[in-house]
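S.K.: Below is the structure I would like to discuss, written out as structure tokens.
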Amino acid sequence: MLSKSLEHALNKQVNREMYSVYLYLAMSSYFKTVSMKGFAKWMRIQAKEEQSHAVKIYDYIIARGGKVTLLDIEDPKAKWTSCGKVFEEVSAHEQKVTGMIHALVDLAIREKDHATFEILRWFVKEQVGEEMDARDIISQISIVGDRPGHLFALDHTLGKRE
């Protein structure tokens with residue numbers, strides 16, 4: 001059985017993961033409006049991944065006898081000035097999510113909830129990849145700069161994400 005404090009914290013994390021879905025869908029929409037379909041596809045896939053994270057925690061709360069409480073989802077930002085600015089925000093967002101996951105791990109350790117600690121280990125490892133992906137794309141964007149032909153080539157590459 002989950003403690004009330006862990007149940008509350010995990011419900012907040014479901015909300016945060018759903019905010020990530022909204023954020024990445026907003027980014028996808030932005031990229032569609034500037035005709036960067038590969039970037040848009042990458043973000044749509046990222047949104048689906050974040051949704052799977054929310055559902056994983058949702059299912060875990062139920063499996064541990066907790067009650068899921070769905071909270072209002074904050075409106076995401078909807079406008080950016082460049083591809084680079086979008087991915088700088090992705091990087092900052094993923095770093096923030098990593099901090100949230102680490103705080104959950106700390107809570108699970110304090111409460112000696114080994115089952116919650118174990119599921120959160122998966123999220124800790126997942127965040128390493130999330131942060132690395134954002135950094136890699138930022139590096140690629142900085143290499144190609146504002147040259148449209150190069151950005152379209154990167155757009156094509158990101159569009160191959162499955």
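Readers should treat all values here as calculations from the given coordinates under stated rules, not as data from a laboratory. Quantities reported herein were computed from a predicted structural model and do not represent experimental measurements. Glycine also receives a Cβ, built like all others from the backbone with ideal geometry; neighbour counts cover every protein chain displayed.
S.K.: Using only Cα atoms, figure out Rg for the chain and give it as a multiple of 2.2 N^0.38 Å.
M.R.: Here the Cα radius of gyration is 1.13 times the empirical estimate.
S.K.: Something else now. Report the extension gain between ASP72 and GLN95 in nm, rounded to one decimal, defined as 0.36 nm multiplied by the number of residues separating them, less their alpha carbon distance.
M.R.: That pair, ASP72 and GLN95, stretches by 6.1 nm at full extension.
S.K.: Can you grab the distance from the C-alpha centre of region 1-78 to the C-alpha centre of region 95-162, Å, no decimals?
M.R.: So the separation of the two Cα centres works out to 14 Å.
S.K.: Students often forget the sequence filter, so: which aspartates and glutamates lie under 13 Å Cα-Cα from LYS41 once same-chain residues fewer than 8 apart are removed?
M.R.: GLU49, ASP155, GLU162
S.K.: Same structure, new question: Using alpha carbons only, how many degrees (0 to 90, rounded to 10) separate the axis of helix 37-63 from the longest principal axis of the chain?
M.R.: Approximately 0 degrees, to the nearest 10.
S.K.: Helix 148-158: angle to the longest alpha-carbon principal axis of the chain, degrees 0 to 90, nearest 10?
M.R.: Rounded to the nearest ten degrees, it is 40.
S.K.: Taking 29 Å as the cut-off for C-alpha to C-alpha distance, list the pairs among LYS4/LYS79; LYS12/LYS112; LYS48/LYS96; LYS12/LYS125; LYS32/LYS125; LYS32/LYS67 that go past it.
M.R.: Pairs exceeding 29 Å: LYS4/LYS79; LYS32/LYS125; LYS32/LYS67.
S.K.: State whether region 75-162 is rounded, prolate or oblate according to the following rule on the C-alpha gyration tensor (a ≥ b ≥ c being the square roots of its eigenvalues): a/c under 1.5 gives rounded; otherwise a/b larger than b/c gives prolate, and the remaining case gives oblate.
M.R.: The shape class here is prolate.
S.K.: Further question on the same structure: About its Cα centre, how strong a charge dipole does the chain have in debye, to the nearest 20, once Lys and Arg get +1 and Asp and Glu get -1 at the Cβ?
M.R.: 240
S.K.: Same structure, new question: Taking the chain as the reference, fit the longest principal axis to its C-alpha atoms, fit the long axis of helix 83-110 to the helix C-alpha atoms, and give the angle between the two in degrees, 0 to 90, nearest 10.
M.R.: Here the helix axis deviates by roughly 10 degrees.
S.K.: With runs of 4+ DSSP H residues as the only contributors, calculate the mean residue ellipticity of the chain at 222 nm using -39,500 (n - 2.57) per run, divided by the residue total and rounded to the nearest 500.
M.R.: Dividing the helical sum by the residues of the chain leaves -28000 deg cm²/dmol.
S.K.: When only Cα pairs under 8 Å and 6 or more residues apart are kept, what is the percent relative contact order across the chain?
M.R.: 31
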